[in-house]
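Read through the structure below, which is laid out as structure tokens, and then see the notes.
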2 protein chains.
Amino acid sequence: MSNPLSRRLARFAALTAEDHALLEDAGGERVRRVGAREDVFREGDRPRCLYLVLDGWAMRYKSLEDGRRQVLSFALPGDICDQHVLLLSRADHSMSALSATSVAEISATRISEIARASPRLLYALCLSNLVGQASQREWTINLGQRTALERMAHLICELFFRLRAIGLTHGNTCELPVTQATLADATGISAVHVNRTLQELRASNLITLRGKHLTIDDIEGLQSVALFNPGYLHLDEVERATQTARDGEPTTPPLLLAALAADGG
Amino acid sequence: MSNPLSRRLARFAALTAEDHALLEDAGGERVRRVGAREDVFREGDRPRCLYLVLDGWAMRYKSLEDGRRQVLSFALPGDICDQHVLLLSRADHSMSALSATSVAEISATRISEIARASPRLLYALCLSNLVGQASQREWTINLGQRTALERMAHLICELFFRLRAIGLTHGNTCELPVTQATLADATGISAVHVNRTLQELRASNLITLRGKHLTIDDIEGLQSVALFNPGYLHLDEVERATQTARDGEPTTPPLLLAALAADGG
DNA sequence: CGTGTTCTTGAAACTTGTCAAAGTTAGTGG
DNA sequence: CCACTAACTTTGACAAGTTTCAAGAACACG
């Protein structure tokens, strides 16, 4: 019940005891420890399995030929690297650990076993995938439309909300094991300006940031600066999904895949 | 054989005559004509079906409360709006036509029929979906790391390559029914600066752009300015997928959904 | 207790945005 | 088919935001 994948998927569907049991040994399948700054997989690698972050922070990123680098997303405990790695012949981006991290390697066949055994789990996996897409869209907007200050505030909001959803906050504080250089690669602003931007957020009494220790002093103020609306994170999708579990079929039209499972199962 | 969905999916898998037949009437299911600047669906709408662009150009976009707007992607003939609309209770972004456009409305049940009837089609649909995600990642990098000039060049490269793949180019020219204001919303730069940037591309003898008529004068030069690598568009994915069709099961580990279809079918 | 990484600061340069107005094009109705 | 209007493109001058470079301070690790 307490493994990260269970907790994650439980956000998207009301899982039964059997569902949890199914996920339980998936988490233990094969665990790999990755040190800070080490890659989990690299652009161009042949995909072998899905990676599930059990503990620690990771990021997905992609580089330009000349060395410029863009962080695509941060992966927190319970997050699965996106499924493209299984369908395409080569990974088109890399993933690396920001702190000491442990990741579970889940084979494709295991995933499909899980999905076939439980329509709820398939539904939850699809939703988890779609939430990843929604986040990528939000990052697109963040980079395209927001100012440096707004972007930083937005990123901090996202991380704080996500950490809170998985129980990794204490009141209004959390860890932020990310260097300013990495924040720069995530927000598309220079490292120097990240520094100035963080100072501005501090000066506005919105956050306190010392070392890797972040405190949100004024979450509403921060959200308002960031034009942050947590909807895209779908942190409470479970309400609708609960109906799914009850009726056997989702109340909203299912994605092609969810539909498949419902009919074909 | 000649409908846009067929052509699109044929890029991702070697389709049989039956596959094409299946797709044939899907395209005709229900066609809606949308005038320029008109919305196909709007953020907050309840999803009813998938939209397939048959003809004309459309865009997906999302707005900030204060009116700033980010284009998320352009949809050309053969493109499907992404599938999130079916799994989430509310659309989290809008889609609107850039020119007179016709879109087919494909119901969720129809999609799942198609997917269940042919593993190849399911596989192709999944790939189509993943290519959309890869594009979104590329846009993230574009906005985060490239300069205004590089971004414009990159966007033009993407559009030209995509148009060529669907036969909508004539030599090195194509239509570009997009105002500079829209290009601004897509590249995250101001409309005025878009204008200057286009002039710079013209001055470098890379493109000719008069009205809605675009000519690429030096595609290699443009790609090099843009740091453009067409790989993410997966314009030639069919090679691997051909194997799929032959062996009945993909040679690379299938996505959870493709796996489902292969086993459950 | 070094030593390398990360954070911070200042000044100057550069890119991009804003404002405002003029020119051009396209579409509509008389 | 012209005239008129609205939408779109182009221009210049200036302001603002952000980057770059360079150097010093703080911190973290072995």
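Scan segment B:164-208 residue by residue and report those that are more than 11 Å from DNA strand D (Cβ to nearest atom), surrounded by fewer than 19 Cβ atoms within 10 Å (Cβ to Cβ) and under 16 Å from residue B:99 (Cα atoms).
Across segment B:164-208, the qualifying residues are B:168, B:175.
Filter segment B:213-237 for residues that are polar (S, T, N, Q) and in contact (Cβ under 8 Å) with a residue 12 or more places away in the chain and give the result. I'd like the intermediate steps shown before the answer.
Going through segment B:213-237, the residues polar (S, T, N, Q) turn out to be B:215, B:223-224, B:229.
Those that are polar (S, T, N, Q) and in contact (Cβ under 8 Å) with a residue 12 or more places away in the chain: B:215, B:223.
Within the group B:187, B:179, B:197, which residue is within 16 Å of DNA strand C (Cβ to nearest atom), within 14 Å of another protein chain (Cβ to nearest Cβ) and within 23 Å of residue B:70 (Cα to Cα)?
On the way: B:179 fails: within 14 Å of another protein chain (Cβ to nearest Cβ); B:197 fails: within 14 Å of another protein chain (Cβ to nearest Cβ).
After ruling out the rest, the residue left standing is B:187.
Among the residues that make up segment A:121-129, is at least one of them among the aliphatic types (A, V, I, L, M), more than 8 Å from every other protein chain (Cβ to nearest Cβ), closer than 22 Å to residue B:143 by Cβ and buried (at least 19 other Cβ atoms within 10 Å of the Cβ)? Outline the logic, then answer.
Here is the first cut: in segment A:121-129, the residues among the aliphatic types (A, V, I, L, M) are A:121-122, A:124-125, A:127.
Within this subset, residues satisfying the condition of being more than 8 Å from every other protein chain (Cβ to nearest Cβ) are A:121, A:124.
Checking the rest, the ones that are also closer than 22 Å to residue B:143 by Cβ come to none.
No, there is no match, as no residue in segment A:121-129 is among the aliphatic types (A, V, I, L, M), more than 8 Å from every other protein chain (Cβ to nearest Cβ), closer than 22 Å to residue B:143 by Cβ and buried (at least 19 other Cβ atoms within 10 Å of the Cβ).
Please go through segment B:140-154 and pick out each residue that is crowded, with 22+ Cβ neighbours inside 10 Å and within 16 Å of DNA strand C (Cβ to nearest atom). Reasoning before the result, please.
First, pick out the residues of segment B:140-154 that are crowded, with 22+ Cβ neighbours inside 10 Å: B:140-144, B:146, B:151-154.
Correct list: B:141, B:142, B:143, B:144, B:146, B:151, B:152, B:153, B:154.
Could you please find all residues in segment A:57-78 being closer than 20 Å to residue A:135 by Cα and either facing chain B (nearest Cβ under 10 Å) or in contact with a Gly (Cβ under 8 Å, 6 or more places away or on another chain) (or both)?
First pass over segment A:57-78, keeping only residues closer than 20 Å to residue A:135 by Cα: A:57-63, A:69-78.
Selection gives A:60, A:61, A:62, A:63, A:69, A:70, A:71, A:72, A:73, A:77.
Scan segment A:207-227 and give yes if some residue there is within 14 Å of chain B (Cβ to nearest Cβ), within 16 Å of DNA strand C (Cβ to nearest atom) and not hydroxyl-bearing (Ser, Thr, Tyr), otherwise no. So that I can check it myself, show each step before the final result.
Within segment A:207-227, the first condition is being within 14 Å of chain B (Cβ to nearest Cβ), and the residues that meet it are A:223-227.
Next, from what is left, pick out any that are within 16 Å of DNA strand C (Cβ to nearest atom): A:227.
Okay, now just the ones that are also not hydroxyl-bearing (Ser, Thr, Tyr), so A:227.
Looking through segment A:207-227, at least one residue is within 14 Å of chain B (Cβ to nearest Cβ), within 16 Å of DNA strand C (Cβ to nearest atom) and not hydroxyl-bearing (Ser, Thr, Tyr).
So residue B:236 passes all but one of these: (1) in a helix (DSSP H, G or I); (2) acidic (Asp, Glu); (3) at pLDDT below 95. Which condition number does it fail?
Checking residue B:236 against (1) in a helix (DSSP H, G or I); (2) acidic (Asp, Glu); (3) at pLDDT below 95, the one that fails is (1).
The values are calculated or read from the model by the stated rules, or taken from the named source; none is laboratory data. Nothing here was measured: the structure is a model prediction, and the numbers come from that model. As a convention, Cβ positions derive from the backbone with ideal geometry for all residues, glycine included, and neighbour counts pool all protein chains shown.
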